[in-house]
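A quick write-up on the structure given underneath.
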Amino acid sequence: TYFSRVTTELTSHFARLGSKLRELDAAEKLRVLHDFYRAGQETEFRFDLVDSMRKGHCFQDAICPDSFEFERGTFRMGERYGRVLFLRD
């Protein structure tokens with residue numbers, strides 16, 4: 001009930017902005033995460049959610065980056081670097 005209500009509200013808010021909203025299914029959501037974490041490998045996304053569930057496999061191996069390294073003040077995912085900043089007060 002909650003998610004249906006939120007979807008309806010967001011759809012109407014986006015419509016007022018002149019945009020359309022389309023809900024993604026699980027496989028589409030996994031593709032978005034794959035494309036973010038594995039930049040440059042977008043065409044290599046191969047994942048069958050039903051087959052993986054049947055086999056007891058986890059989606060993380062198909063989605064998550066191969067490496068995630070932490071250095072002083074930064075982190076590295078494959079060839080991409082990042083840094084997290086925050087304010088305390």
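The residues listed here are C64, C58; of these, the one that is out of contact with any helix residue (DSSP H, G or I) (no Cβ under 7 Å at 6 or more places or on another chain) and either of a type outside the set (D, E) or over 26 Å from R80 (Cα atoms) (or both) is C58.
The residue that is least open to solvent (accessible area, probe 1.4 Å), counting only those in the stretch 1-37 that are within 28 Å of C64 (Cα to Cα) and among the aromatic types (F, W, Y), is Y37. Just the residues that are touching a residue at least 12 places away in the same chain (Cβ under 8 Å) and either closer than 27 Å to F75 by Cα or assigned to a loop (DSSP other than H, G, I, E, B) (or both), please, taken from the stretch 22-45. Residues satisfying the conditions are E23, L30, R31, L33, H34, Y37, R38, A39, G40, F45. Taken together, the residues in the stretch 58-72 that are assigned to a loop (DSSP other than H, G, I, E, B) and surrounded by 14 or more Cβ atoms within 10 Å (Cβ to Cβ) amount to 3.
The set of residues from the stretch 73-89 being outside any strand (DSSP E or B) and open to solvent by 100 Å² or more (accessible area, probe 1.4 Å) comprises E79, R83, V84, L85, F86, L87, R88, D89.
Selection of the stretch 38-57 for residues being open to solvent by less than 100 Å² (accessible area, probe 1.4 Å) and either within 30 Å of L10 (Cα to Cα) or basic (K, R) (or both) yields R38, A39, E42, F45, F47, D48, L49.
The values are calculated or read from the model by the stated rules, or taken from the named source; none is laboratory data. Please read all numbers here as calculations on a predicted model, not as lab measurements. Don't worry about glycine lacking a Cβ; one is built from the backbone with ideal geometry, like all the others, and counts go over all protein chains shown. Heavy atoms of the whole protein, side chains included, go into the accessibility calculation; ligands, DNA and RNA do not. Shrake-Rupley method; radii C 1.70, N 1.55, O 1.52, S 1.80 Å.
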